[in-house]
1. Quick check: residue separation of I47 and S126 times 0.36 nm, minus the Cα distance between them. What number comes out in nm?
2. Exceeding 20 Å between C-alpha atoms, which entries from my cross-link table qualify? They are K45/K113; K81/K117; K21/K74; K65/K96; K74/K112.
3. Could you pull out every residue, at least 5 positions away or on a different chain, whose amide H is within less than 5 Å of the one on L48? Hs are placed 1.01 Å off N in the peptide plane, and Pro or chain starts have none.
4. For the stretch 33-42, in order, what is each residue's ³J(HN,Hα) by Karplus, 6.51 cos²θ - 1.76 cosθ + 1.60 with θ = phi - 60°, in whole Hz (x at glycine and Pro)?
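The numbers here are math on the coordinates, done by the rules we state, and not lab data. In this text, all values refer to a predicted model and were calculated from it rather than measured experimentally.
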Amino acid sequence: MKRIIHLLFLVILSSCGLGSKEGADLSKDEIAYVQSLGILGEDEKIILFNSQLDTETSGNFISDKRLASYWIDKRDNSKTKVSYVYYEDIDTIVFKNLYKSLTYASFLEVVKKSGGKMRIYVDGDSSVVWHFYNVANRERNKNFNR
């Protein structure tokens, strides 16, 4: 019985994330926090934002200039990851739909022209994930020849 209660608690906790938000729906404090991480410029606009927990712990976003992702581990700084890639440095964006998985979030795997890779995690059902993927590709294509 304790295991069932613990499992239910974890499922409820994992469903309490922010999910996807339009950039305009982020508060000034949330935007300032993302800027403090060094992955959002003063003149840059977030188009879509997704978080599996809260803004101070995780965030994945599409801006008018880049794709970015962060995970802040307050207990173990060595597990903190902050990464981004500008559109002109992207070779390919691959969609990995894991929305039916209880333990994994879907993600966009971004292949850089330099050969490196990064992931943009998207929490939500398949329509949310597809929307995120389509917007990421639209922005990349729009900014490709800048």
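1. Details: separation 79, 0.36 × 79 = 28.44 nm, distance 1.89 nm.
Between I47 and S126, full extension yields 26.5 nm more.
2. K45/K113; K21/K74; K65/K96; K74/K112
3. Amide H neighbours of L48: G23, I62.
4. Working through the residues one at a time gives 4, 4, 5, 5, 7, x, 10, 8, x, 4 Hz.
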